[in-house]
Each structure stands twice: as structure tokens, then as C-alpha cells.
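Read the structure below first, then the notes.
Any read-out appearing in this document is the output of simple, stated calculations on the displayed coordinates, not a laboratory observation. Everything numeric here is computed off the predicted structure, so don't read it as measured data.
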Amino acid sequence: MKSVFDVGMYDGADTAYYLECGYHVIAVEANPNLIDSAKIRFETQIASGQLICVNAAISPNGEPVELNLSGQDLGSSSLFSDRIAQKTPIGTITVPGVTLHHLFERYGIPEYMKVDIEGADRLCVLALTSDTRPAFLSFEIGDDVDELISHVETIGYRRFKVINQNSFRELARQRCLYDRVTQRLLRFMGYSEPGMVRRAGRFFTVGHSSGPVPWCSDGSWRSADATRSILRDARASNSLSGWYDIHATLVN
């Protein structure tokens, strides 16, 4: 059974999807309350060994770290206090730390690793080497995206996509005719934004899911240079809206 690392499990939406697809899942989550919820929701899969939940934050040296808690949204809790400054901060807790190297040593290198850890994605991405690279990778775009793309390119990733996490569309297709018509219909019916979006034959919850796995995600693969270019053009034209993930693959 191939494995997937869900680094930043949140409420388990992605974990549930990976389990349904038949993968062995290692779900890493710093917030103990979310881990407790997952143990109830996924009791059967944990008992069978298909799912392993790791209550820890990725840290550079594996030592415990301070997690800043958001009272507005448990999934927004972060190692960085500025990330939750406008999301009802309710204090900090000390959580166990773990390195990506330790996770790979214990559970093996997965087929796919999803990373979404509220501003700390670089701790995972920069820890990857040419010997410890999953076949597929996704991580959230931040101010360091150019650095992270350059790093994963040097260790062998060859093709990339920029995926809009509000619509699960590839950046160049985020204003396609179908979506514009659908949006108008929703607003006519009194809805501002869709709560769920259908992609790759199934529904994904906006704001809770990372969407389809990279080999099923929307749009075409691009080179690293073409990806940097489309991001540069999108910034210049102010066409970036919401948040985005980078999908990367080793396949040429």
C-alpha cells in the first residue's frame, strides 16, 4: 500500500480523502485537540493501521515548540504569532517537535507529501533532499515561494502547477468560462461563494481541503521557469486571489 504524508492534518478533510483512495496515511498535526478529534473520527482506520496520527509540530531540531492558538479557527494555529493576530489569539501551548528526517526514518518516504502548516511549510520543503524526495509534493505559496521552487528544482522536481485553493483551478484557468457562469448562478441564488467544489470526479470542501492530489489536479504541468513566470505575471496584474498551493512532481 503506497503512503501519503498529510503534514498539517487540520480537521481531517484531506486525510479522509487519502484514506478513501486507499493510501496508508501518516497525518501530522501540532494541535492536540485536532488529533483527539481525528482519533474518534478515524478510529477504524487507526485500528487497522491504515492511518497513523502524529501529534507534533515540524521543527528544525525536533525539540518542542510553542504553538500560538487561534480561537477563531483551530486549524489556523501557528508557530508564528503574527499569523493569528487577527484570528482571536487565545494563548500558547507547548507541543512536541519532530523533524521530517525522523518521520521518514520511522515511516518511510511517501509517494506524496502534502504540506500546509501555517507559515512553516519551508521547514518541510527545505529539509527534502535528492535522497528523501516524494514522487509528488504540494506546499502553500508564501513570500518564500521562489526560494522553495528553486530548492525542489535542485533536488530533482521537474514539473509544477499553481493551484488556486478557493477553486482548485490551475492559476492560468482560474477565470475559465465554466467557473464564471457557475459563480454568477450561485450569486443569483443568493450564495457568495461555493462551500464545495467538484473536481476530479468528487467534491472538496473549500477552506478545509487541499483538493485533488497532484496527479489528478487541474491544469497542465509547467517547468520551474514557466511557473516563476506565471507567478510573476499574476503578481504584476494583481490576479492572485486567496491562497495557492504549488504542486510538484519528479516526472518530466
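Note that the range 199-215 has calculated 3J(HN,Hα) couplings of 9, 6, x, 8, 9, 10, 7, 5, x, 10, 10, 8, x, x, 4, x, 6 Hz, one per residue in order, obtained from phi through the Karplus relation 6.51 cos²θ - 1.76 cosθ + 1.60 (θ = phi - 60°); glycine and proline are x. Our note on the geometry: Cα centres of the range 13-53 and the range 218-252, 30 Å apart.
Computed from backbone phi, the HN-Hα couplings of the range 91-106 come to x, 10, 9, 8, 10, x, x, 8, 8, 4, 4, 5, 4, 5, 4, 7 Hz, rounded to whole numbers (Karplus: 6.51 cos²θ - 1.76 cosθ + 1.60, θ = phi - 60°; Gly and Pro given as x). Amide hydrogen proximity for residue 219: with H placed 1.01 Å from N in the peptide plane, the residues at 5 or more positions away or on another chain lying under 5 Å are 170. Taking every DSSP helix (H) stretch of at least 4 residues in the chain, weighting each as -39,500 (n - 2.57) and dividing the sum by the residue count yields a mean residue ellipticity at 222 nm of -8000 deg cm²/dmol. Volume per residue of the convex hull around the Cα atoms, evaluated for the chain, comes out as 138 Å³.
Would you work out if the range 114-252 is rounded, prolate or oblate? Take a ≥ b ≥ c from the square roots of the eigenvalues of the alpha-carbon gyration tensor; rounded if a/c is under 1.5, else prolate when a/b is larger than b/c, oblate otherwise. It would help to have the intermediate numbers written out before the result.
On the way: a/c = 1.99, a/b = 1.77, b/c = 1.12.
Note, shape of the range 114-252 comes out prolate.
For the range 66-75, the Karplus equation 6.51 cos²θ - 1.76 cosθ + 1.60, evaluated at θ = phi - 60°, returns couplings of 8, 9, 7, 8, 9, x, 7, 7, 4, x Hz by residue, with Gly and Pro reported as x. Among 78, 209, 229, the largest mean-square fluctuation in a Gaussian network model of the chain (Cα springs under 10 Å) belongs to 229.
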